[in-house]
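The values are calculated or read from the model by the stated rules, or taken from the named source; none is laboratory data. Remember, it's a predicted structure, so these values are computed and weren't measured experimentally. Glycine gets a Cβ as well: all are built from the backbone with ideal geometry, and neighbour counts include every protein chain shown.
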Amino acid sequence: MKFTRKTAAIVQRGDGWYGLSFTMRDREISDFTLFPEAGLDELKNLFQQIPHCIAFEDKAGYLFQLNFPFADRRKIGMVIRGQLEEVMPFSIDDMVIDFEETGGGRVLAAGLPKSRLSEVVGERKMRAVSFHSLAAMKALRWFGIVPSRDFVFLDFDGDAVVIMAFKGGALKGLRQFFQDDSADGVAEALKEILADADFSPEAFIMVDDQADAARHKAALEQRLGVTITVPSLKKALGDERVPEWMWAGVGAALIALYPGKEVNLSGERRALGSFAGRLGMYAVGGLAALSLIVCGLLYLDYYAKERTLLALNGEPNRLYRLSFPKSPPVKDPARMFQEKIKALEREGGGGSTSSGALSLLNEISARVGPDVDVKLSEFTSDEREFTLSGTTISFGALEKIKSAVGGIEGLSGIELQSVDLAGGRQVKFKLRGKL
């Protein structure tokens, strides 16, 4: 039995809106229907019983490339708004944000002003909101037109141009231009991306909704010495009626079928199940959790006291191991502290280790600029290496701290031993290096 579903899209073009719908039978598109320029409300009413995606022009919002030292959607979701605040010229609270992990901690993020989203919300069957370039990329991938690994995608979309470069399937470079109808800025951006000797794209794929698409193609090919492919939507669909600029419409309709796998700026990621069903599960789960809490409070109180006592009893040994990491375990750390101090005083070197550590800390403080918000929580060192732990406000600040420590004479092998997320959008880190 074949998989059959109806899907649709509403596409912005200039000051107007266009629609399309088709039936998907497995991977075959049939019953393709175009709806010429019409009012947005008219198209919304037309598709109120069909799952659909709305595709805004690229100039309606913003696209970003971000890199993270981890690949976990939950963790990225906790810090991405803070990262975008550093590059956005206005408040992030006025934007709807979503992102897609492309591999290796690289993220394609998109932002749409909430004022634009308010124009289209309110429909039960509206499954997603996207941009032309993202929707066109979806269609190109679905038809197998772009390579699976290294390629460059260009989208000339009215008053905006978007460039995406992919290496090994992960997003390598992204540029977005506004009010740029010439190939000059695009060519310079492509030159920067192609300057990486390790990046040799298999193909350059371009979609263009302008009448002078051939001019853009010829100018870029001449400047860069590459071959650019402009795929035909008519040929891909086998339908001469569809305009070539409708790549975004076809891609948006495909996104409506599987919205959870794409960047979705609708403001919510829809989950299966009704609200009433979820509410019932939440109530049952809440009662169960409450009973467990009541039954466990007495045990937790006893357990916490026992753990505190054990921790306090072990504190002298921990301090001894921290101060003398190469010494064997001892039964009486207080007495051994006294003997070690007396031995250092007899050798005349009682202050050398501590003074060296203080000197290094002073040098690190001098190197890290006052513009970097960092709180150090632990510093240890011996004759060969040191570790430095603390928290800072962003991954960009962490890179500045690492660079500053790496610039201190006599230190080498500076590396991040661990990076994690702490409360209040803080980045917790631990640096290690050799003396």
(request) Please identify the pairs in which a residue from region 14-38 that is at positive phi has its Cβ atom under 9 Å from the Cβ atom of a residue that is surrounded by fewer than 12 Cβ atoms within 10 Å (Cβ to Cβ) and in a strand (DSSP E or B), counting only partners at least 6 apart or on another chain. (result) D26/T4
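Within region 396-407, does at least one residue satisfy the condition of being out of contact with any Pro (no Cβ under 8 Å at 6 or more places or on another chain) and not in a helix (DSSP H, G or I)?
Yes, region 396-407 contains at least one residue that is out of contact with any Pro (no Cβ under 8 Å at 6 or more places or on another chain) and not in a helix (DSSP H, G or I).
Taking region 408-424 as the region of interest, how many residues are more than 18 Å from E383 (Cβ to Cβ) and part of a loop (DSSP other than H, G, I, E, B)?
2
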(request) Just one of (1) modelled with pLDDT under 85; (2) more than 14 Å from L376 (Cα to Cα) trips up K434, so point out which. (result) (1)
(request) Of the conditions (1) touching a residue at least 12 places away in the same chain (Cβ under 8 Å); (2) over 21 Å from I10 (Cα atoms), E85 clears all except one; give me its number. (result) (1)
(request) Looking at (1) out of contact with any strand residue (DSSP E or B) (no Cβ under 7 Å at 6 or more places or on another chain); (2) assigned to a strand (DSSP E or B), find the lone condition where A139 falls short. (result) (2)
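Would you check if there is a residue in region 68-86 being in a strand (DSSP E or B), in the same structural domain as S118 (by TED's automatic domain parsing) and surrounded by fewer than 20 Cβ atoms within 10 Å (Cβ to Cβ)?
The first filter runs over region 68-86 and keeps only residues in a strand (DSSP E or B), leaving none.
Looking through region 68-86, none of the residues is in a strand (DSSP E or B), in the same structural domain as S118 (by TED's automatic domain parsing) and surrounded by fewer than 20 Cβ atoms within 10 Å (Cβ to Cβ).
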